[in-house]
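Below is one structure, written out as structure tokens; the observations come after it.
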Amino acid sequence: MLARLYLLMPYTVTVAQGEELPPYEVKDGDYTIRFLQPVTDVAVLSGLRPKNLTLNGKPAVEANVMRIDFHKNSFDRKIDSPIDPPEDVIRRAVEKFHYRLRFVTRAAHARRTEKLKLLRQR
């Protein structure tokens, strides 16, 4: 089964249009966690943005939403059950994403997602 997390990042990442970054996968207990290419939510981008953004000579966009898939044989979705995946698993996944992004992009100045508020959606 699949549980997908969309999380607004406190920064943007430049991604070439038309290129698919391969997902990165890790295990955390019973969960297989897949980090997908970030996407853009134009409604929340603020400030001045370049009109013609390029990356290695190709058109690019600013991505500001991370996508993380949690895979498990089954999730507990009963109304009174605790959140599944648990909040600590989600927090570790977000931290892994952020750590790898900062390392790969050499962006030590990129702010972490300090206050992660999880809303349970049915």
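Would you pick out the residues in the range 9-64 that are more than 12 Å from the chain's Cα centre (by Cα), within 26 Å of E87 (Cβ to Cβ) and either crowded, with 16+ Cβ neighbours inside 10 Å or of a type outside the set (K, R) (or both)?
Pass one, the range 9-64, residues more than 12 Å from the chain's Cα centre (by Cα): 14-22, 25-32, 41-62.
Imposing the further condition that a residue be within 26 Å of E87 (Cβ to Cβ) reduces the set to 25-32, 41, 44.
Within the range 9-64, E25, V26, D28, G29, D30, Y31, T32, D41, V44 meet the criteria.
Being hydroxyl-bearing (S, T, Y) and assigned to a loop (DSSP other than H, G, I, E, B) is the filter here; which residues of the range 44-56 pass it? Even if it seems obvious, please write down each step before you answer.
Restricting attention to the range 44-56, the residues satisfying the condition of being hydroxyl-bearing (S, T, Y) are 46, 54.
Hit for the range 44-56 is S46, nothing else.
Using beta carbons and a limit of 9 Å, which pairs, at least six apart or on different chains, have the first residue in the range 86-105 and closer than 16 Å to N64 by Cα and the second one among the small types (G, A, S)?
Final answer for the pair search is H98/A110; L101/A107; L101/A110; R102/A108; R102/A110.
I'd like to know if the range 71-88 contains one or more residues that are surrounded by 15 or more Cβ atoms within 10 Å (Cβ to Cβ) and within 16 Å of L8 (Cα to Cα).
Checked the range 71-88: no residue is surrounded by 15 or more Cβ atoms within 10 Å (Cβ to Cβ) and within 16 Å of L8 (Cα to Cα).
Yes/no per residue for (1) more than 29 Å from M1 (Cβ to Cβ); (2) without any contact (Cβ under 8 Å) to a residue 12 or more places away in the chain; (3) of a type in the set (D, E):
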{"site": "L36", "(1), (2), (3)": "no, no, no"}
{"site": "L45", "(1), (2), (3)": "yes, no, no"}
{"site": "N64", "(1), (2), (3)": "no, no, no"}
{"site": "D84", "(1), (2), (3)": "no, no, yes"}
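Among the residues in the range 18-36, are any at pLDDT below 85, in contact with a helix residue (DSSP H, G or I) (Cβ under 8 Å, 6 or more places away or on another chain) and part of a strand (DSSP E or B)?
no
Residues of the range 57-102 being assigned to a strand (DSSP E or B) and small (G, A, S), which ones? Spell out how you get there, then give the answer.
Of the range 57-102, the ones assigned to a strand (DSSP E or B) are 58-71.
Listed by number, the residues that qualify are A60, A63.
The values are calculated or read from the model by the stated rules, or taken from the named source; none is laboratory data. Worth saying up front: this structure is predicted, and the values here are computed from it rather than measured. In this analysis, Cβ positions are derived from the backbone assuming ideal geometry, glycine residues included, and neighbour counts consider all displayed protein chains.
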